[in-house]
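Below is one structure, written out as structure tokens; the observations come after it.
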Amino acid sequence: MGILNGDDMDIMLVASEIHRLAERAKYHATFYGFLKLLTEWWQPELSVELGVYAGEGSRHMCLGYPEGIVIGVDVNMVHSEMCDNFRFLHMDSVLAASKYRDIVGDVPVDILFIDTTHTYEQTMAECNAWFPYLSENAIIVLDDLHRPGMMEAWYEIPGYHIQMDELHVCPDPIDGGFGVILYGS
């Protein structure tokens, strides 16, 4: 996994690599391709997706780094055997923060992909619940940044922000948007 120790040079190197991955992802079916490339490069021991829906985000993270564990959390049931390294928690995304260690022990979260209801209130509740479990080099990924309240949440989450809306373009102006936050910076 990459190292973020607050040093501006480290942050800029990671940010530069994130931008390079985003450019490559444009040719891999938008942000799902980016998630695969990100996990392939970052090699997270543990990635978590909040709001699995059809499972594409989790599946791409599983494929990107099969040696790592991916936990998907959703109140709706999804196919829980999509990859050997995938585990599913059928529960509320906020409550899951205190339960995920039942699966993996004390392993901190290296990548947190928040893809649930896309509201300010829910996103901040999820962040506050999961912050204590993030690794010192954690990366937080958010999509649908253009929905009402999401940009407010985006700016409130601490870290170095990299917005890459080109990875999630939608015809509706209040949909789409994508970004990565280097939380450990």
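What is the number of the single condition among (1) in contact with a strand residue (DSSP E or B) (Cβ under 6 Å, 6 or more places away or on another chain); (2) modelled with pLDDT of 95 or more that Cys127 does not meet?
Result: Cys127 fails condition (1) only.
Output the number of the condition that Lys99 fails; it satisfies all remaining conditions of (1) touching a residue at least 12 places away in the same chain (Cβ under 8 Å); (2) under 20 Å from Gly55 (Cβ atoms).
(1)
What number of residues within segment 64-99 are assigned to a helix (DSSP H, G or I) and either modelled with pLDDT of 95 or more or crowded, with 21+ Cβ neighbours inside 10 Å (or both)?
Selection size over segment 64-99: 4.
Pick out the one residue from Glu156, Glu166 that is in contact (Cβ under 8 Å) with a residue 40 or more places away in the chain, surrounded by fewer than 16 Cβ atoms within 10 Å (Cβ to Cβ) and out of contact with any Pro (no Cβ under 8 Å at 6 or more places or on another chain).
Criteria check complete, one pass: Glu166.
Please go through (1) part of a strand (DSSP E or B); (2) modelled with pLDDT of 90 or more for Gly179 and return the number of the only condition it doesn't satisfy.
Gly179 satisfies every listed condition except (2).
Considering each of Pro171, Pro132, Pro148 in turn, give the residue that is under 27 Å from Pro108 (Cα atoms), over 12 Å from the mean Cα position of the chain (by Cα), surrounded by fewer than 15 Cβ atoms within 10 Å (Cβ to Cβ) and not aromatic (Phe, Trp, Tyr).
Pro132
Could you list all residues from segment 104-121 that are more than 13 Å from Ser47 (Cβ to Cβ) and either in a strand (DSSP E or B) or in contact (Cβ under 8 Å) with a residue 12 or more places away in the chain (or both)?
Of everything in segment 104-121, those that are more than 13 Å from Ser47 (Cβ to Cβ) and either in a strand (DSSP E or B) or in contact (Cβ under 8 Å) with a residue 12 or more places away in the chain (or both) turn out to be Thr116, Thr117, His118, Thr119, Tyr120, Glu121.
Do any residues in segment 1-20 that are loosely packed, with under 12 Cβ neighbours inside 10 Å have Cβ atoms under 7 Å from those of residues that are modelled with pLDDT under 70, where the two are at least six apart or on different chains, and which pairs are they?
That search, which allows pairs on different chains as well, returns Gly6/Ser185.
Take segment 105-125 and flag every residue that is over 18 Å from the mean Cα position of the chain (by Cα) and among the hydrophobic types (A, V, I, L, M, F, W, C).
none
Yes/no per residue for (1) surrounded by fewer than 22 Cβ atoms within 10 Å (Cβ to Cβ); (2) closer than 24 Å to Trp130 by Cα; (3) modelled with pLDDT under 95; (4) in contact with a helix residue (DSSP H, G or I) (Cβ under 6 Å, 6 or more places away or on another chain):
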| site | (1), (2), (3), (4) |
| --- | --- |
| Ala29 | yes, no, yes, no |
| Phe34 | no, yes, yes, yes |
| Glu45 | yes, yes, no, no |
| Val48 | no, yes, no, no |
| Ala54 | yes, yes, yes, no |
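Which condition does Ala129 not pass, out of (1) out of contact with any Ser or Thr (no Cβ under 8 Å at 6 or more places or on another chain); (2) under 17 Å from Leu50 (Cβ atoms); (3) of a type outside the set (Asp, Glu); (4) assigned to a helix (DSSP H, G or I), if it passes all the others?
Answer for Ala129: the failing condition is (1).
Output the number of residues of segment 2-21 satisfying the condition of being assigned to a helix (DSSP H, G or I) and at pLDDT below 70.
Going through segment 2-21 one residue at a time, the tally reaches 3.
The values are calculated or read from the model by the stated rules, or taken from the named source; none is laboratory data. Small disclaimer: the values here were computed from a predicted structure and weren't measured. Backbone-built Cβ (ideal geometry, glycine too); neighbour counts: all protein chains shown.
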